[in-house]
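Structure first, then comments.
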Amino acid sequence: MRLFVAVSLPAAQVRAIEAAVQPRDELLRWVPVHQWHLTLVFCGEVSDGVVPELMQRLARGAARTPRFDLRVTGAGSFPKQAARARVLWAGLSGDVETLTRLAERCAAAARRSGIAIEDRAYRPHLTLARARRDTVDVRSTVQRLSSYTGDPWRVDSIRLVRSTLGAQVQHETLAEFPLAEGAPA
(Lines give C-alpha, C1' and ligand atoms only; values in the text may rest on other atoms or scores of the structure.)
Protein backbone atom coordinates (compact mmCIF):
# COMPACT_ATOMS: atom_id res chain seq x y z
CA MET A 1 0.00 0.00 0.00
CA ARG A 2 1.09 3.57 -0.71
CA LEU A 3 1.52 5.55 2.54
CA PHE A 4 2.41 9.00 3.83
CA VAL A 5 2.36 10.73 7.21
CA ALA A 6 0.63 14.10 7.45
CA VAL A 7 -0.75 16.93 9.52
CA SER A 8 -4.35 17.90 8.76
CA LEU A 9 -5.56 21.46 8.45
CA PRO A 10 -8.69 22.55 10.32
CA ALA A 11 -11.76 23.14 8.13
CA ALA A 12 -11.70 26.89 8.86
CA GLN A 13 -8.13 27.12 7.54
CA VAL A 14 -9.02 25.17 4.41
CA ARG A 15 -12.00 27.44 3.69
CA ALA A 16 -9.89 30.59 4.15
CA ILE A 17 -7.11 29.36 1.85
CA GLU A 18 -9.62 28.15 -0.70
CA ALA A 19 -11.15 31.64 -0.82
CA ALA A 20 -7.70 33.25 -1.11
CA VAL A 21 -6.74 31.22 -4.22
CA GLN A 22 -9.77 32.40 -6.19
CA PRO A 23 -9.85 32.81 -9.11
CA ARG A 24 -7.99 29.57 -9.84
CA ASP A 25 -5.50 29.35 -12.68
CA GLU A 26 -6.93 26.87 -15.20
CA LEU A 27 -3.45 25.79 -16.29
CA LEU A 28 -3.01 24.14 -12.91
CA ARG A 29 -4.38 20.84 -11.64
CA TRP A 30 -5.65 21.83 -8.18
CA VAL A 31 -5.40 19.39 -5.31
CA PRO A 32 -8.97 18.77 -4.06
CA VAL A 33 -9.41 20.85 -0.91
CA HIS A 34 -10.58 17.83 1.12
CA GLN A 35 -7.11 16.35 0.48
CA TRP A 36 -5.05 19.37 1.58
CA HIS A 37 -2.53 18.34 4.21
CA LEU A 38 1.05 18.97 5.29
CA THR A 39 3.10 15.94 4.29
CA LEU A 40 5.67 15.02 6.93
CA VAL A 41 7.11 12.01 5.15
CA PHE A 42 6.19 10.09 2.00
CA CYS A 43 6.71 6.37 2.55
CA GLY A 44 5.74 5.13 -0.91
CA GLU A 45 4.79 1.50 -1.37
CA VAL A 46 4.88 -0.35 1.96
CA SER A 47 4.09 -4.01 2.57
CA ASP A 48 1.25 -4.78 4.98
CA GLY A 49 3.64 -6.54 7.37
CA VAL A 50 5.62 -3.35 8.01
CA VAL A 51 2.60 -1.22 8.98
CA PRO A 52 2.24 -2.36 12.65
CA GLU A 53 5.87 -1.52 13.45
CA LEU A 54 5.58 1.78 11.59
CA MET A 55 2.49 2.66 13.61
CA GLN A 56 4.27 1.90 16.89
CA ARG A 57 7.24 4.04 15.93
CA LEU A 58 5.04 6.92 14.72
CA ALA A 59 3.08 6.81 17.99
CA ARG A 60 6.35 7.11 19.96
CA GLY A 61 7.59 9.97 17.80
CA ALA A 62 4.29 11.83 18.16
CA ALA A 63 4.27 11.30 21.94
CA ARG A 64 7.74 12.92 22.12
CA THR A 65 6.59 16.03 20.22
CA PRO A 66 4.66 18.82 21.98
CA ARG A 67 1.58 20.34 20.40
CA PHE A 68 2.44 23.50 18.48
CA ASP A 69 0.93 26.33 16.45
CA LEU A 70 1.18 26.99 12.72
CA ARG A 71 -0.38 29.36 10.22
CA VAL A 72 -0.44 29.43 6.44
CA THR A 73 1.41 32.45 5.05
CA GLY A 74 2.44 33.46 1.54
CA ALA A 75 3.09 31.22 -1.42
CA GLY A 76 5.81 29.95 -3.70
CA SER A 77 6.62 27.35 -6.29
CA PHE A 78 8.81 24.35 -7.03
CA PRO A 79 11.13 24.99 -8.68
CA LYS A 80 11.69 28.40 -7.16
CA GLN A 81 11.36 30.16 -10.55
CA ALA A 82 7.59 30.84 -10.54
CA ALA A 83 7.69 31.48 -14.30
CA ARG A 84 8.44 27.75 -14.81
CA ALA A 85 6.66 26.11 -11.89
CA ARG A 86 5.62 22.50 -11.57
CA VAL A 87 4.06 22.96 -8.11
CA LEU A 88 2.26 25.89 -6.45
CA TRP A 89 2.40 25.86 -2.67
CA ALA A 90 1.39 27.91 0.36
CA GLY A 91 4.01 28.60 3.00
CA LEU A 92 3.92 28.16 6.76
CA SER A 93 4.92 30.22 9.75
CA GLY A 94 4.69 29.70 13.48
CA ASP A 95 6.56 26.85 15.13
CA VAL A 96 8.03 25.51 11.89
CA GLU A 97 11.03 24.26 13.89
CA THR A 98 8.83 21.80 15.80
CA LEU A 99 7.09 20.81 12.56
CA THR A 100 10.48 20.07 11.01
CA ARG A 101 11.59 18.07 14.05
CA LEU A 102 8.31 16.10 13.85
CA ALA A 103 8.92 15.39 10.15
CA GLU A 104 12.43 14.15 11.00
CA ARG A 105 11.02 11.86 13.70
CA CYS A 106 8.47 10.46 11.24
CA ALA A 107 11.17 9.85 8.64
CA ALA A 108 13.31 8.10 11.27
CA ALA A 109 10.32 5.94 12.28
CA ALA A 110 9.85 4.91 8.66
CA ARG A 111 13.55 4.14 8.15
CA ARG A 112 13.72 2.10 11.37
CA SER A 113 10.71 0.15 10.12
CA GLY A 114 12.67 -0.77 7.00
CA ILE A 115 11.12 1.75 4.60
CA ALA A 116 13.48 3.47 2.16
CA ILE A 117 12.89 7.22 2.55
CA GLU A 118 14.42 9.89 0.32
CA ASP A 119 17.31 11.57 2.09
CA ARG A 120 16.55 15.26 1.61
CA ALA A 121 15.84 18.25 3.80
CA TYR A 122 12.24 18.77 4.87
CA ARG A 123 10.60 21.76 3.15
CA PRO A 124 7.40 22.64 5.02
CA HIS A 125 4.59 23.68 2.67
CA LEU A 126 1.01 23.02 1.63
CA THR A 127 0.75 21.81 -1.98
CA LEU A 128 -2.13 23.63 -3.64
CA ALA A 129 -1.74 22.70 -7.32
CA ARG A 130 0.49 21.10 -9.93
CA ALA A 131 1.15 21.95 -13.55
CA ARG A 132 -1.12 20.09 -15.96
CA ARG A 133 1.75 19.89 -18.42
CA ASP A 134 5.49 20.45 -18.11
CA THR A 135 5.59 23.85 -16.36
CA VAL A 136 3.31 26.83 -15.73
CA ASP A 137 3.89 30.53 -15.05
CA VAL A 138 2.41 31.06 -11.56
CA ARG A 139 3.98 34.45 -10.85
CA SER A 140 0.62 36.24 -10.68
CA THR A 141 -0.84 33.67 -8.25
CA VAL A 142 2.28 33.71 -6.07
CA GLN A 143 2.19 37.51 -6.06
CA ARG A 144 -1.52 37.55 -5.17
CA LEU A 145 -0.93 35.13 -2.27
CA SER A 146 2.31 36.74 -1.07
CA SER A 147 0.51 38.80 1.56
CA TYR A 148 -1.85 36.00 2.66
CA THR A 149 -1.71 35.24 6.37
CA GLY A 150 -4.17 32.75 7.81
CA ASP A 151 -5.22 32.38 11.42
CA PRO A 152 -3.00 30.23 13.64
CA TRP A 153 -4.11 26.75 14.58
CA ARG A 154 -2.87 24.14 17.04
CA VAL A 155 -1.34 20.97 15.61
CA ASP A 156 -2.28 18.21 18.04
CA SER A 157 -1.91 15.00 16.01
CA ILE A 158 -0.45 13.33 12.94
CA ARG A 159 -2.07 10.80 10.60
CA LEU A 160 -0.83 7.75 8.73
CA VAL A 161 -2.63 7.88 5.39
CA ARG A 162 -3.08 5.34 2.61
CA SER A 163 -3.20 6.92 -0.85
CA THR A 164 -4.87 4.98 -3.64
CA LEU A 165 -4.08 6.27 -7.12
CA GLY A 166 -6.59 6.27 -9.94
CA ALA A 167 -8.85 8.63 -11.88
CA GLN A 168 -9.56 10.20 -8.49
CA VAL A 169 -6.90 9.81 -5.80
CA GLN A 170 -8.36 8.48 -2.56
CA HIS A 171 -6.92 9.15 0.92
CA GLU A 172 -7.80 6.93 3.87
CA THR A 173 -6.55 7.59 7.40
CA LEU A 174 -5.24 4.32 8.83
CA ALA A 175 -4.29 5.75 12.24
CA GLU A 176 -4.04 9.05 14.08
CA PHE A 177 -1.41 9.71 16.73
CA PRO A 178 -1.76 12.48 19.34
CA LEU A 179 1.09 14.84 20.11
CA ALA A 180 2.20 15.46 23.69
CA GLU A 181 0.40 18.09 25.74
CA GLY A 182 3.53 19.22 27.60
CA ALA A 183 7.18 19.90 26.91
CA PRO A 184 9.14 17.65 24.52
CA ALA A 185 10.87 14.55 25.86
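The values are calculated or read from the model by the stated rules, or taken from the named source; none is laboratory data. Being a predicted model, the structure only gives us computed values, none of them experimental. All Cβ positions, even for glycine, are placed from backbone atoms using ideal geometry, and neighbour counts span all protein chains on display.
Here are the numbers for this structure:
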item: Candidate set from the range 94-120 (those that are in a loop (DSSP other than H, G, I, E, B) and in contact with a helix residue (DSSP H, G or I) (Cβ under 8 Å, 6 or more places away or on another chain)); member that is surrounded by the fewest Cβ atoms within 10 Å (Cβ to Cβ); result: GLY114
item: Residue within the range 84-91 that is touching a helix residue (DSSP H, G or I) at 6+ places or on another chain (Cβ under 7 Å) and within 22 Å of ALA121 (Cβ to Cβ) present; result: yes
item: THR141 under 22 Å from ARG15 (Cβ atoms) and either without any contact (Cβ under 8 Å) to a residue 24 or more places away in the chain or not in a helix (DSSP H, G or I) (or both); result: no
item: Residues located in the range 63-90, provided they are within 17 Å of the chain's Cα centre (by Cα) and under 13 Å from THR141 (Cβ atoms); result: GLY74, ALA75, GLY76, SER77, VAL87, LEU88, TRP89, ALA90
item: Test for VAL51: is it in a helix (DSSP H, G or I), within 26 Å of LEU165 (Cβ to Cβ) and modelled with pLDDT of 95 or more; result: yes
item: Tabulated pairs, the range 39-54, first under 14 Å from LEU174 (Cα atoms) and loosely packed, with under 10 Cβ neighbours inside 10 Å, second at pLDDT below 95 and not small (Gly, Ala, Ser), C-beta under 7 angstrom, 6+ apart or interchain; result: ASP48/MET1
item: Single residue of the range 14-31 satisfying the filter (of a type outside the set (A, V, I, L, M, F, W, C) and farther than 21 Å from THR149 by Cα) that is modelled with the lowest pLDDT; result: GLU26
item: Any hit, the range 1-15, residues being exposed (fewer than 14 other Cβ atoms within 10 Å of the Cβ) and either touching a Phe, Trp or Tyr at 6+ places or on another chain (Cβ under 6 Å) or part of a loop (DSSP other than H, G, I, E, B) (or both); result: yes
item: Flag if GLN56 is over 18 Å from the mean Cα position of the chain (by Cα) and over 21 Å from ARG162 (Cβ atoms); result: no
